[in-house]
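Derivation of every value follows stated rules applied to the coordinates shown; laboratory data play no part. Bear in mind the structure is a predicted one, so any value in this text is a computation, not a measurement. Ideal geometry is used to build each Cβ from the backbone, glycine not excepted, and the neighbour counts take in all protein chains shown.
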Amino acid sequence: MATVIHPTAIIDKSAIIGADAAIGPYTVVEGNVVVGDRCSIGPHVLIAAGTRLGKECRVFHGASLGTVPQDLKFSGETTLLIIGDNCTIREFCMFNRGTKATGETVIGANCLFMAYCHVAHDCRIGDNLIAANTLNLAGHVEIGSGVNIGGTCAVTQFRKIGDLCHLSAYSLIIKDVVPFAITAPDPMRVVGINRIGLARAGFSEERRRMIKRAYKILFRSGLTAAESCARLSADFSGDKDVETIIAFAKRSTRGLLRMAEREEAEKEE
């Protein structure tokens, strides 16, 4: 299979197009762009300067990648949007490149973004994200690996989402979400561990039980975040999953999303 470029597509001479790629009609690929091997780019797509698209990615109709940040401090500096291998980017998504603050927006491998998702400047997203329609990420958001996000969610700037979280539809995230959590809106809160997601990721029943116990100390003990982390370190010494939670909590600069005061304890299957 050879690279196929529709005659109506506009490709800058300096753009690097990988082997066996396909670029659809009326698509524009600017200079300082790399499109990986076996990528499929649909019609009416803009791949702007500074974009690095990994191998075997699929980009659908009307998407805009690597566009100028929607940040009033941006002054035209040369920055990047880096997207890993095997990502699917559906219709009318818009991903901005970084600013001088970090120099790049980074998206991991094997991610799925459904239609109308927006990833703002300087975001960092891990592998295996599944984001339903109309996700909106403000600048500098950090998302771990294996995260699932329901439809019509928004995350405000500088927030962090831990590994293997599930954000329910219509979530508005204004605090950091600890690893392995499931959230729900109205009021916005953590409702327990993401037990289904963890089971699918190969976490044993015992590992899930230990994470649930750690959550009780973190959210139900009445301790401050610092006091909870100290107690978790003492009570769960050597537990890698709990160490992940502790490290995340210590990195939090915007506060942790909490459980509602009377949230009914989640039942283990």
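His140: net charge of surrounding residues, Cβ under 13 Å, Lys/Arg +1, Asp/Glu -1, itself excluded?
Working: positive: Lys73, Lys100, Arg124, Arg159, Lys160, Arg254; negative: Asp71, Glu104, Asp122, Glu142, Asp176.
Charge balance near His140 sits at +1.
Show the residues, 5+ positions off or on another chain, whose built amide H is closer than 5 Å to the amide H of Thr88.
Amide H neighbours of Thr88: Arg58, Cys111, Leu112, Phe113.
Starting from the Cα of Tyr170, step 7 Å along the direction of its Cβ; do the same at Asp186; then give the gap between the two resulting points in nm.
Modelled inter-label distance: 0.3 nm.
Rounded to the nearest 0.05, what FRET efficiency do Lys73 and Asp37 have when you use their Cβ-Cβ distance and R0 = 25 Å?
The value I calculate is 0.10.
How large is the charge dipole for the stretch 4-158, taken about the Cα centre, if only the Cβ atoms of Lys, Arg (+1) and Asp, Glu (-1) carry charge, to the nearest 20 debye?
Result for the stretch 4-158 is approximately 100 debye, rounded to the nearest 20.
For Ala19 and Arg258 in one chain, what is 0.36 nm times their gap in residues minus the Cα-Cα distance, to one decimal in nm? Present the calculation step by step, with values, prior to reporting the outcome.
Working: separation 239, 0.36 × 239 = 86.04 nm, distance 4.82 nm.
So the extension gain works out to 81.2 nm.
For a 19 Å ceiling on Cα separation, which of these pairs sit above it: Lys175/Lys250; Lys55/Lys100; Lys73/Lys160; Lys13/Lys73?
Details: Lys175/Lys250 14 Å; Lys55/Lys100 27 Å; Lys73/Lys160 22 Å; Lys13/Lys73 30 Å.
Check vs 19 Å cut-off fails for Lys55/Lys100; Lys73/Lys160; Lys13/Lys73.
Two-decimal Rg/Rh of the stretch 59-192 from alpha-carbon positions, Kirkwood Rh?
0.95
Count charges around Lys175 for me, please; just the other residues with Cβ under 12 Å from its Cβ, Lys/Arg as +1, Asp/Glu as -1.
Working: positive: Arg159, Lys160, Arg189, Arg254, Arg258; negative: Asp176.
Combined, the nearby Lys, Arg, Asp and Glu give +4.
Convert each backbone phi in the stretch 8-16 into a coupling constant with the Karplus relation 6.51 cos²θ - 1.76 cosθ + 1.60 (shift: θ = phi - 60°), then list the ³J(HN,Hα) values in order as whole Hz, x for Gly and Pro.
Result, rounded to whole Hz: 8, 6, 10, 10, 4, 5, 8, 5, 9.
Order these by the 10 Å Cβ neighbour count, fewest first: Met1, Met114. Working shown, then result.
On the way: Met1 8, Met114 19.
Sorted ascending by nearby Cβ count, the order is Met1, Met114.
Most exposed first by the Cβ proxy, i.e. fewest other Cβ within 10 Å, how do Ser221, Ser237, Ser168, Ser64 rank?
By the 10 Å Cβ count, ascending, the order reads Ser237, Ser221, Ser168, Ser64.
Classify the chain: rounded, prolate or oblate, from the alpha-carbon gyration tensor (a ≥ b ≥ c, eigenvalue square roots; a/c under 1.5 rounded; otherwise prolate if a/b is larger than b/c)? Before the final figure, lay out the partial values.
On the way: a/c = 2.47, a/b = 2.11, b/c = 1.17.
The shape class here is prolate.
Which is the longest run of the chain containing none of the chymotrypsin sites (Phe, Trp or Tyr not before Pro) found in DSSP loop states (not H, G, I, E, B) with at most 15 other C-beta atoms within 10 Å?
My reading of the result: 27-157 is the longest stretch.
Neighbouring Cβ atoms within 10 Å as the yardstick, rank Val141, Val59 fewest first.
Val141, Val59
Computed over the Cα atoms of the stretch 198-251, what is the ratio Rg over Rh, Rh following Kirkwood?
With Rh from the inverse mean 1/r over Cα pairs, Rg/Rh is 0.97.
What is the local net charge at Thr79, summed over the other residues whose Cβ is closer than 10 Å to its Cβ (Lys, Arg +1; Asp, Glu -1)?
-1
Kirkwood Rh over Cα pairs of the stretch 135-269 into Stokes-Einstein at 4 °C, 1.567 mPa s: D in µm²/s?
My calculation gives 88 µm²/s for D.
For the stretch 140-215, count the residues as N, evaluate 2.2 N^0.38 Å, and divide the Cα radius of gyration by that value, please. Could you put the intermediate results ahead of the total?
On the way: Rg = 12.0 Å, N = 76, 2.2 N^0.38 = 11.4 Å.
Scaled against compact globular proteins, the figure is 1.05.
Please compute, over every Cα-Cα pair in the stretch 1-88, the percentage with a separation greater than 23 angstrom.
16
For the stretch 141-176 and the stretch 78-98, write down the distance between their C-alpha centroids in whole Å.
18
So how tilted is helix 240-251 from the main axis of the chain? Cα-based, degrees 0 to 90, rounded to 10.
80
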